[in-house]
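Here is the structure we will look at.
The values are calculated or read from the model by the stated rules, or taken from the named source; none is laboratory data. These numbers were taken from a predicted model, which means no experiment stands behind them. We place every Cβ from the backbone using ideal geometry, glycine too, and count neighbours over all the protein chains shown. We work out accessible area using only protein heavy atoms, side chains counted, and drop any ligands, DNA or RNA first. Shrake-Rupley method; radii C 1.70, N 1.55, O 1.52, S 1.80 Å.
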Amino acid sequence: MKVILNVDVKSLGEEGDVKNVANGYARNFLLPRNLAVPYNETTVAIFEARKAEIEARKEQKRKDSLSLKEKLEAAVIEITMPAGANGKLYGAVTPHVIGEALAKLGFDIERKRIDLQGVAVKSVGTFKAVIKLYETQVAEIHFAVKAQEEEKKEEKPAKPAKGGRNNRHEAPKAEASVAEEAAPAEAPAEAPASDAAEGSAE
């Protein structure tokens, strides 16, 4: 079915665009939601009258796109991923990964608009990607891929703490042994006293 888009429809087109779509898609989705109208003499005349208004909105989009292009190309983009000692990544940098990095910087970019131009990023270094913006405008971004530091291995030596607990448990045993050694020393001291008592009795 031939329709005219009443508003911008993601992945389909912009307001005022004429599109050929499946009948079911038009009748079940586009037309009920007023996203499009059937293409006929009446609707064509309506959109001709709105042409200047639509073109003004497109011009604003071009300006916004140019501003976004400048911000993207000036952004410092860093991606940290697990890597081996030789700098090879355990995974790969994909448009999805780049999209997440851009989102952290406040950019909302569709993953399908990010093009790595056939380059598989599987090592640390600096690379570039192209982002398709509005109409023919594109932004060329540069991003740095860095190896993720392995912090967990450095935190492993927690064993001394356990040894400290054992020392605390062993402390009472040491005190007990000292007490046992002291006890026999007191016994001979009492023996002379008993002997003295016997002597006086004689």
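Summary table
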item	result
Subset of segment 4-30 (residues that are in a strand (DSSP E or B) and within 16 Å of Lys51 (Cα to Cα))	Ile4, Leu5, Gly13, Val18
Top-ranked residue of segment 53-88 - restricted to ones that are in a loop (DSSP other than H, G, I, E, B) and more than 15 Å from Lys122 (Cα to Cα), ranked as most open to solvent (accessible area, probe 1.4 Å)	Val76
Sole residue being among the charged types (D, E, K, R) and closer than 19 Å to Lys128 by Cβ, chosen from Glu15, Glu55, Glu78	Glu78
Among (1) in contact with a Gly (Cβ under 8 Å, 6 or more places away or on another chain); (2) more than 30 Å from Gln60 (Cβ to Cβ); (3) at pLDDT 95 or above, the one test that Ile79 misses	(1)
Total residues in segment 3-52, condition among the charged types (D, E, K, R) and open to solvent by less than 90 Å² (accessible area, probe 1.4 Å)	6
